[in-house]
Amino acid sequence: MNITLCMAQTKPEPWETGLRAALPGATVSNWQPGDAPADYAVVWAPPQAFLDEQPRLKALFNIGAGVDALLKLKLPPGCQIVRLDDAGMSVQMAEYVCHAVIRHFREFDGYEADVKAGKWSYRKPRMRADFPVGVMGLGVLGERVARALSVFEFPVHGWSRSPKQIEGVQSHSGSDGFNTFRSSCRVLVNLLPLTPDTTDILNAQTLSLLQPGGYLVNVARGAHLVEEDLLTLIDSGHLAGATLDVFRTEPLPAGHPFWNHPKITVTPHTSARTLREESIAQIAGKMLALSRGEAVAGLVDPRSGY
Ligand code: NDP
Ligand code: OXD
């Protein structure tokens, strides 16, 4: 088995070492132009030039959950895309989103500011019933997040393409369910994949349908959000603010209005990190399964885009 690595913004050496240890019979190398074509590739945002040199690739293993960058490329014929299937990401995403929602609901940002100013102050307790949370996307990550929010007794709504039954979550689906979903929520959490149907979905229309005092948590992709629409709705007072982990341009450019906006919390695309050990074990197991002709979880359907 010949495995090649091509991973933007990621040091390849520990992945090479880990894959060699997990698959002792395999040849593993970090791709250089002109290398012999491989059977399997482990990638993050590879260039087209890499794929053009891989005519016999059986599968591309993405070291993340989102495959939007891969689907923009021309892939070798017959090559399957396999995404990371949780691999320790969903619990991180649940931590991040619950932290953001609770920080906003309990006004901990306000308390932090008061304490910094040497002020011992109380705010009136807010009612959970007044903070229904909506989770867009109920896949591997969205379902875990929705369940975690329901443990804190927030009213939780979820929206996906197909209807779901998740304990503690009111499910809405398809374009027919979108308006009811949006108007049922005050806090909106985005965990959709980036596809032609979901690009720019967090726009003035979607965000203005949230209940007054609405709050956005975007942890999926920057291109879901029309940034100017968010700023307009926060500045008009319809939205109370946002926590944003992903941006149209990453790193977020210097001078971007999100950096210092008092109602926007920025984190650097870190809500759910790829955990190398878990990921290598998962990828190696799937390579062995595929080479025995077995089915694996996490196959991407290029027609749906996720
Ligand atoms: P999944 O593919 O498991 O789930 C996607 C969900 O979105 C499914 O429930 C699907 O519906 C729903 N969906 C897709 N298209 C539509 C649509 N047009 N209308 C309504 N619902 C739709 O994805 P994951 O949960 O694993 O990940 C979600 C995204 O999170 C990734 O694509 C990635 O962009 C982002 N991400 C961000 C990270 C970060 O650090 N910020 C880390 C990891 C991922 P159905 O169930 O009916 O198919
Ligand atoms: C992912 C990401 O998709 O890191 O895994 O955003």
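The values are calculated or read from the model by the stated rules, or taken from the named source; none is laboratory data. Because the structure is a prediction, the values reported are computed rather than measured. Because the Cβ atoms are built from the backbone with ideal geometry, glycine has one as well, and the counts that use them run over all protein chains shown.
Of P33, P76, all but one fail to be away from ligand 1 (no atom under 16 Å from the Cβ) and closer than 23 Å to P193 by Cβ; the exception is P76.
Figure legend. Inter-residue proximity from the range 121-146: first residues within 22 Å of L207 (Cβ to Cβ) and in contact (Cβ under 8 Å) with a residue 12 or more places away in the chain, second residues in a helix (DSSP H, G or I) and among the aromatic types (F, W, Y), beta-carbon distance below 7 Å, spacing 6+ or different chains. Indicated pairs: R126/F105; F131/F105; G134/F181. The number of residues in the range 212-251 that are within 16 Å of ligand 1 (Cβ to nearest atom) and surrounded by 19 or more Cβ atoms within 10 Å (Cβ to Cβ) comes to 14.
Among residues of the range 204-229 that are farther than 21 Å from G139 by Cα, those with a beta-carbon under 9 Å from a residue that is within 16 Å of ligand 2 (Cβ to nearest atom) and part of a loop (DSSP other than H, G, I, E, B) at least six positions away or on a different chain give the pairs E227/F247; E227/R248. Hey, any hits in the range 19-26 for a residue that's assigned to a loop (DSSP other than H, G, I, E, B), within 16 Å of ligand 2 (Cβ to nearest atom) and touching a helix residue (DSSP H, G or I) at 6+ places or on another chain (Cβ under 9 Å)? There is no residue in the range 19-26 that is assigned to a loop (DSSP other than H, G, I, E, B), within 16 Å of ligand 2 (Cβ to nearest atom) and touching a helix residue (DSSP H, G or I) at 6+ places or on another chain (Cβ under 9 Å). Close contacts from the range 180-195, counting a first residue that is without any contact (Cβ under 8 Å) to a residue 40 or more places away in the chain and a second that is among the basic types (K, R), with Cβ to Cβ under 8 Å and a gap of 6+ residues or different chains, come to none at all. Here is the figure for the range 73-122: residues that are in a helix (DSSP H, G or I) and of a type in the set (A, V, I, L, M, F, W, C) total 13. The condition of being within 16 Å of ligand 1 (Cβ to nearest atom), among the polar types (S, T, N, Q) and within 15 Å of the chain's Cα centre (by Cα) holds for only one of T265, T180, T199, T206, that being T199. Each residue in the range 43-72 was checked for being of a type outside the set (A, V, I, L, M) and part of a helix (DSSP H, G or I), and 4 pass.
Residues in the range 181-191 that are part of a strand (DSSP E or B) and within 16 Å of ligand 2 (Cβ to nearest atom) were compared, and the one that is surrounded by the fewest Cβ atoms within 10 Å (Cβ to Cβ) is N190.
Quick check on my filter: what residues within the range 117-148 are touching a strand residue (DSSP E or B) at 6+ places or on another chain (Cβ under 8 Å) and either modelled with pLDDT under 95 or hydrophobic (A, V, I, L, M, F, W, C) (or both)? Selection gives F131, V133, V135, M136, L138, V145, A146.
Among the conditions (1) under 12 Å from V145 (Cβ atoms); (2) of a type in the set (F, W, Y); (3) more than 15 Å from ligand 1 (Cβ to nearest atom), the only one that F108 does not satisfy is (1). So in the range 109-168, with the set limited to residues that are within 16 Å of the chain's Cα centre (by Cα) and β-branched (V, I, T), which one is surrounded by the fewest Cβ atoms within 10 Å (Cβ to Cβ)? For the range 109-168, the residue satisfying everything is V140.
For (1) part of a strand (DSSP E or B); (2) of a type in the set (F, W, Y), each residue gets a yes or a no:
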site: K124; (1), (2): no, no
site: V135; (1), (2): yes, no
site: V145; (1), (2): no, no
site: W159; (1), (2): yes, yes
site: S175; (1), (2): no, no
site: N179; (1), (2): no, no
site: P193; (1), (2): no, no
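Restricting attention to the range 252-293, the residues being touching a residue at least 40 places away in the same chain (Cβ under 8 Å), more than 16 Å from ligand 2 (Cβ to nearest atom), surrounded by 15 or more Cβ atoms within 10 Å (Cβ to Cβ) and of a type in the set (A, V, I, L, M) number 4. Only one of the listed residues (D114, D86) is within 16 Å of ligand 2 (Cβ to nearest atom) and modelled with pLDDT of 95 or more. That residue is D86.
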